[in-house]
Amino acid sequence: MPRHKYNSQDVLVKKQEEVFSGFFKMLRITLRHKLFSGAWSKPIERELFQRNAAVGILLYDPIHKLVGLIEQFRVGALDERSGPWLFEVVAGMVDSGESLEEAALREVKEEVDIEDIELKHICEYWVSPGGTNEYMHLYCGVTNLIGLKGNCGMNEHSEDISLHIIAEDDVFLCLEKGQCNNAATTISLMWLQKQSNNFFS
């Protein structure tokens, strides 16, 4: 891999203001940054959707070759042709003072009421760095999925979640057909496709 030519010292933030604060925050930032020519850019104004770090957990039962995905309403998918309910990994934001692993275990307990689980790191990535600072940390949550299903989630968080337990081969077919069409789920299932044959090695 090539090395980056510049780093954070090659950005000059001229102004930063909060333009919205609700469930999320929006900042307006004016900055200049080094160009690949070596010169400095003109002042650039950008809005930044600000979120805490997030965790995503793919539920996997390697003994019985089962995958657990949750289904829930997503306002950002209102234009989805099949409707704004998506199949996803368990996910949520990291609370202040929590480690990533603590946040992952809490989200699994809150969303699907599973406590006996082993976390395996998958990867981390910027979700959409052109407009948000959200950084996602993905894990595989190894657990027994036999007999699990149904509706769950926390009412006080306005969560209405349906847990689906799917045969591994079937979920990979759904992935190929584009039915798991969000980044965290797609990345997690692609990782599992590469790992599952040698999961215990």
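The values are calculated or read from the model by the stated rules, or taken from the named source; none is laboratory data. The model shown is predicted, which means the values in this text are computed figures rather than measured ones. Counting neighbours? That spans all protein chains shown, and the Cβs are built from the backbone with ideal geometry, glycine included. SASA here: full protein model, heavy atoms, side chains in, ligands and nucleic acids out. Shrake-Rupley method; radii C 1.70, N 1.55, O 1.52, S 1.80 Å.
Summary of computed values
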{"quantity": "Proximal charge balance of VAL75 [Cβ under 14 Å; K/R count +1, D/E count -1]", "calculated": "-4"}
{"quantity": "Cα→Cβ-extended label distance, 7 Å offset, between SER96 and VAL11, nm", "calculated": "2.3"}
{"quantity": "Selection from ASN144, GLN193, PHE73, by position along the positive dipole direction of the chain (Cβ)", "calculated": "GLN193"}
{"quantity": "Contour excess over end-to-end distance, with Cα ends at GLN72 and ASN182 and 0.36 nm allotted per residue", "calculated": "38.4 nm"}
{"quantity": "Residue-by-residue Karplus 3J(HN,Hα) for the stretch 36-51, coefficients 6.51, -1.76, 1.60, Hz, glycine and proline x", "calculated": "5, 6, x, 7, 9, 5, 5, x, 10, 10, 9, 8, 10, 7, 9, 9"}
{"quantity": "Accessible surface of the stretch 85-153, 1.4 Å probe, proportion on carbon and sulfur as whole %", "calculated": "51"}
{"quantity": "Most positive-pole-ward Cα, ILE165, GLN16, TYR135, against dipole of the chain from beta carbon charges", "calculated": "GLN16"}
{"quantity": "Among 160-166, 113-119, 74-80, the order from most to least packed when residues are scored by Cβ within 10 Å on average", "calculated": "160-166, 113-119, 74-80"}
{"quantity": "Stretchable slack from TYR125 to THR30, in nm (0.36 nm times residue separation minus alpha-carbon distance)", "calculated": "31.7 nm"}
{"quantity": "Ellipticity estimate at 222 nm from DSSP helix runs (n ≥ 4, -39,500 (n - 2.57)) divided over the chain, nearest 500", "calculated": "-5500 deg cm²/dmol"}
{"quantity": "Modelled FRET efficiency - R0 41 Å, LYS149 with LYS42, Cβ distances, 0.05 increments", "calculated": "0.15"}
{"quantity": "Approximate spin-label separation PHE20-LYS109, in nm, with each point projected 7 Å along Cα-to-Cβ", "calculated": "3.3"}
